[in-house]
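Read-outs throughout are calculated quantities, based only on the coordinates presented, and are distinct from any laboratory measurement. Since the structure is predicted, the reported quantities are computational estimates derived from the model, not experimental observations. Because the Cβ atoms are built from the backbone with ideal geometry, glycine has one as well, and the counts that use them run over all protein chains shown.
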Amino acid sequence: MSSTEVRTQRLETGTSLIPTLPGSYYTDPEIFEREKSRIFQRNWFAAARSTDLPEPGSFRAVDVGGESVLIVRGRDRKLRAFLNVCRHRGARLCMADSGSVRRSLQCPYHAWTYGLDGSLIAAPNLSSMNDVNRDEYGLVGVALREWLGAVWVCLAEEPPSFTDTVQAAVTARLGDAGMIEEWGIDELVVGRRITYDVKANWKLIVENFMECYHCATIHPELTEVLPEFAEGYAAQYFVGHGAEFGEEIEGFTVDGRPGFDRIDGVDDEHDRRYYAITINPQVFINLVPDHVIFHRMYPKAADRTVIECDWLYTKDVVDSGADLSKSVELFHRVNQQDFDACERCQPAMSSKAYVDGGVLVPSEHHIGEFRDWVVRALAD
Amino acid sequence: MSSTEVRTQRLETGTSLIPTLPGSYYTDPEIFEREKSRIFQRNWFAAARSTDLPEPGSFRAVDVGGESVLIVRGRDRKLRAFLNVCRHRGARLCMADSGSVRRSLQCPYHAWTYGLDGSLIAAPNLSSMNDVNRDEYGLVGVALREWLGAVWVCLAEEPPSFTDTVQAAVTARLGDAGMIEEWGIDELVVGRRITYDVKANWKLIVENFMECYHCATIHPELTEVLPEFAEGYAAQYFVGHGAEFGEEIEGFTVDGRPGFDRIDGVDDEHDRRYYAITINPQVFINLVPDHVIFHRMYPKAADRTVIECDWLYTKDVVDSGADLSKSVELFHRVNQQDFDACERCQPAMSSKAYVDGGVLVPSEHHIGEFRDWVVRALAD
Amino acid sequence: MSSTEVRTQRLETGTSLIPTLPGSYYTDPEIFEREKSRIFQRNWFAAARSTDLPEPGSFRAVDVGGESVLIVRGRDRKLRAFLNVCRHRGARLCMADSGSVRRSLQCPYHAWTYGLDGSLIAAPNLSSMNDVNRDEYGLVGVALREWLGAVWVCLAEEPPSFTDTVQAAVTARLGDAGMIEEWGIDELVVGRRITYDVKANWKLIVENFMECYHCATIHPELTEVLPEFAEGYAAQYFVGHGAEFGEEIEGFTVDGRPGFDRIDGVDDEHDRRYYAITINPQVFINLVPDHVIFHRMYPKAADRTVIECDWLYTKDVVDSGADLSKSVELFHRVNQQDFDACERCQPAMSSKAYVDGGVLVPSEHHIGEFRDWVVRALAD
């Protein structure tokens, strides 16, 4: 049992506890299958960072809701995405997670050859391509957008509006459509990437990220840096709110010592503050004055989620070879603490005690919006 | 092929072979799910030994038909059982199989805190507990009884009568309601505990335990000690029958040499005899003059069962530091021989040859009662 | 990306691409279950080589469509097959894949004893067998044929005509019912056996074997020996066609150097040629002048197949202790290249891009016959 001391405070009377999702939503393989098709394949999904594909011919194969999506940078330097499947007999075009090709993607089974734009350009013994419509047998395209330095793809035939979904989520949280541009995220550089393999349903991870009622119990380093988090209210609870650094805190680091120079463009009123954004269904963004922490989740099974977390700094900081460890360590610990908590919840989701789910206390009520979003998405 | 010599004897004519359960009962995951809810969660289940929880604050988390049940000894030294799930957001309260806490069970996620009696005593930011009914958000209780030194729990909202089920099974076997008290099992001490992880359906293990038609083939040591077992009739075939030790046998040990002093209270007419009791669905008790062997099964999947087996001796024997190995070795070998046989049957349960099951010979006919009990329990 | 050079040739115009099976046929566990009962248990299945069971009492336990089939050589030297399940309580009679017994098969659980002809000959305590019909409780028999040195079994109660299925497939390919006898396959000896465990559906392996459109891309050694394979037409595309060795090629070896003497009986017009035969659902036979390569597939799951491949030579060659490695190496590489390709296709079978399957180019059109055979077999 944890010996953590938690201050118990008098709050309002009339406390109401509203329900979470039922336990089956976190364990049922059929619901997970439905989530793959109705949520992860229908919404914009941050699949990679644009700089992960530096050159013409660079590729990444990414699991998007169970589908292998191949992202390739063309000779024209544009990024495009395709299903990673040869149209002939179904061989995977690229087995590696990443790599690079020269001018084309050639299937290693029968040598059907595709341009970096996905068009079928050659097939042995089928030079008379009059009869084989190149477009008909080109790679299956996937919608792609770049924003905040991320590559967003959408498997839907008619993707939802990027503005009304991804960008609207950021605006709704920050209360200001332009504010996030202050960080110039697409100009930042990956200082550190850590991948976590978590034995928990992706929704437990979203719900954990959305609330700070657990902060006092499991995040001693974070509440030291952001004292208001000990009160249990997440920055996300309020529109536009950034949690303020403690008085003695000099930077967003594991020991509160100075981090790096404030990113050019970040406004004075956003200095010494921490902002957190959830973009459904699989992105978390954390903004602090000198860096950005960007999480992308890859759901693998009802009880397993892989998370890639990037710590992003200015090119100057990274090029200088400065020691990032104190800076990275703070949120790496937060991640480990959170994912441990989620793994602790997962096995109980199938309990009789959780058939109707648990409850949300007032400082968690905004999780109810996520719950309703999931239920609506699955009903479609 | 085994070269075991088996004496084949002329029995009665008119031999009838009655059917076992169909093969699917041992392999179908849906039937196993139904067994979890209709059998293991509705009947009294021996989950631990009372002495496994020696002090106030001692706990055990036990898998009862797929549900993690937390057994805790209170400050009042009473044992209580709860579902091992926080009522707030569903975190497992105790991840370890056993351990101890001080005065309360605190959830390590958001610090909801429960008394050892299961009541909710504190939750951060919810000190105004007028509005949050403590009883409503206390841990979900599970019925608990202690008998024969074992902790029996039942997940049913209305548990069946303990007397009419557990105790009646013992009486039916021994033919005498009080006889088992002669062994004073709750005063005995665990001399040795061995856990077996068996790749077989739990019912194969019950059926194996119930009959002795296999004894001549697979239990050379046991039939040496109990010569009548070579005839193929289990002690369980007859009400009140104890299999008699062979003439030259001095104790229930692997080589027939002396064991320990007869337990005070065991009657002369029960000396030099072996009694076996099956308590549906998951307990086997073996009584010999100087010790008791107590098996608890934990079914894990249609094709996997964990068995905890305790060798129980008087406190004097255990405290003396006497060598238990000859005594333990006999039934440990029997266990291994039996579980090997069960693992050998499991893969054939899905054969076309076993679609309608196999057959029971006359000395196995009492297995038919178990078969009928299972069918009735699943039909409810 | 492979850098293999593939010559692209002008073919006819009017190229048509016909569909393969839909992706679900290669991934759906329910379809695989149906294949086990409708295809592998209803057709003749090459389960072993007769010489694998050299003596009376020799046995093999083989997985035939999920069922363990026990093949035993009797005292009369005849081979017989049974379900590997004791009729009493369902124990596996033989757990080992192969071995030998003396005069009987005795179940190691309760010692029921069967003759090598499957009849029940003894059961402890049931000597009065008047009442227990020995035939009724004999082992469940499985149909068995020997041909081409292979042991073919069929689990159907009424097996299809061996002539109209297995033998007809050979005749249809070679265009001559007697031609295969030239190789005297039942007199050949296993020079080398290699077992491959392939993470792909069995139908991907059949389809791969049937076509040579992939040869130029993935089989450099094979196309060196058989230059016409670079054109993309499999020997199987034409009735009776044997692919001719290249002019400089001296034998069917990895470097084209001489192999062994032509097998007595192989006609001049079949010398310096390679013939390939597919016998649905799980046998491939490759004939070259000095040896025979015989593949038997054992499907294990929708995405896993085990293949046993025998390289068969005359007794003289094997007895001479000659170095077989150059000879074996050629088709071992072909196997590895093919199975790698199949494993590359398997993960893409569940892609949206393959929901309706892929396409067959003209040189693959005969795969359409296999596709139709599968669909008809599953519909029955």
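Go through segment B:198-215 residue by residue and turn each phi into a ³J(HN,Hα) via Karplus (6.51, -1.76, 1.60, θ = phi - 60°); whole Hz please, and just put x for glycine and proline. Calculated HN-Hα couplings, in order: 10, 8, 8, 5, 4, 6, 4, 6, 4, 4, 4, 5, 6, 10, 10, 5, 8, 4 Hz.
Around the amide H of A:Ser68, modelled in the peptide plane, lie the amide H atoms of A:Asn84, all under 5 Å away and 5 or more residues distant in sequence or on another chain. Is the protein assembly as shown rounded, prolate or oblate when judged by the Cα gyration tensor, a ≥ b ≥ c being the square roots of its eigenvalues, rounded requiring a/c under 1.5 and prolate requiring a/b larger than b/c? Since a/c reaches 1.5 but b/c is at least a/b, the shape of the protein assembly as shown is classed as oblate. Residues within the reach of a label modelled at B:Phe238 (point 7 angstrom out along Cα to beta-carbon, backbone nitrogen below 18 Å), restricted to segment B:271-289, are B:271-278, B:287-289. Taking amide H as placed 1.01 Å from N in the peptide plane, the amide H of C:Val151 sits under 5 Å from that of C:Ala47, C:Ala48, C:Arg49, C:Ser50, each at least 5 places away or on another chain. Remark: mean inter-chain Cβ contacts per residue of A:340-347 equal 5, using a 10 Å Cβ-Cβ cutoff to other protein chain atoms. Going from the residue with the fewest nearby Cβ atoms within 10 Å to the one with the most, A:Arg262, B:Arg376, A:Arg103 rank B:Arg376, A:Arg103, A:Arg262.
Neighbouring Cβ atoms within 10 Å as the yardstick, rank C:Tyr26, A:Tyr313 fewest first.
A:Tyr313, C:Tyr26
Relative to the dominant Cα principal axis of chain A, helix A:325-345 is inclined by about 90°. Between B:Arg75 and B:Thr51, the FRET efficiency from the beta-carbon distance, with R0 = 22 Å, is close to 0.75. Taking the fewest neighbouring Cβ atoms within 10 Å as the starting point, the ordered list for B:Cys342, A:Cys86 is B:Cys342, A:Cys86. Distance between the 7 Å Cα→Cβ label points at B:Val355 and C:Asp264: 4.9 nm.
For chain B, B:Cys94, B:Cys154, B:Cys309, B:Cys342, B:Cys345 stand unpaired, since no other cysteine beta carbon lies under 4.7 Å from theirs. For segment C:99-227, the fraction of alpha-carbon pairs lying more than 26 Å apart is 54 percent, rounded to a whole number. Which distance in nm do the two modelled labels at A:Glu136 and B:Leu378 give, with both placed 7 Å along the Cα-to-Cβ direction? Result: 5.3 nm between the two label points.
Where in chain B lies the longest segment free of GluC sites (Glu not before Pro) that are both loop residues by DSSP (not H, G, I, E, B) and have at most 12 other Cβ atoms within 10 Å? In short, B:249-380.
Mean sequence separation of contacting Cα pairs (under 8 Å, at least six apart), scaled by the length of chain A, corresponds to a relative contact order of 21 percent. Taking every alpha-carbon pair under 8 Å whose residues sit at least 6 apart, segment C:45-154 reaches a relative contact order of 28 percent. Sorted from closest to farthest, the other copies place their A:Glu157 label points 4.7, 4.7 nm away, with each point set 7 Å from Cα along Cα→Cβ. Assign one of three labels to segment C:14-117, namely rounded, prolate or oblate, based on the Cα gyration tensor with a ≥ b ≥ c the square roots of its eigenvalues; rounded applies when a/c is under 1.5, prolate when it is not and a/b is larger than b/c, and oblate otherwise. Prolate shape, in that a/c is at least 1.5 and a/b is the bigger ratio. Taking every DSSP helix (H) stretch of at least 4 residues in the protein assembly as shown, weighting each as -39,500 (n - 2.57) and dividing the sum by the residue count yields a mean residue ellipticity at 222 nm of -5500 deg cm²/dmol. Pairs spanning more than 30 Å between alpha-carbon atoms, out of A:Lys36/A:Lys78; B:Lys300/B:Lys352; A:Lys199/B:Lys300; B:Lys352/C:Lys315; A:Lys36/A:Lys326: B:Lys352/C:Lys315; A:Lys36/A:Lys326. Relative to the longest principal axis of the Cα atoms of chain A, the long axis of helix A:367-379 lies at roughly 30 degrees. Each residue of segment B:137-150 was assigned a 3J(HN,Hα) from its phi angle through the Karplus expression (A = 6.51, B = -1.76, C = 1.60, θ = phi - 60°), giving 10, x, 4, 6, x, 10, 4, 9, 9, 10, 6, 6, x, 9 Hz with x at Gly and Pro.
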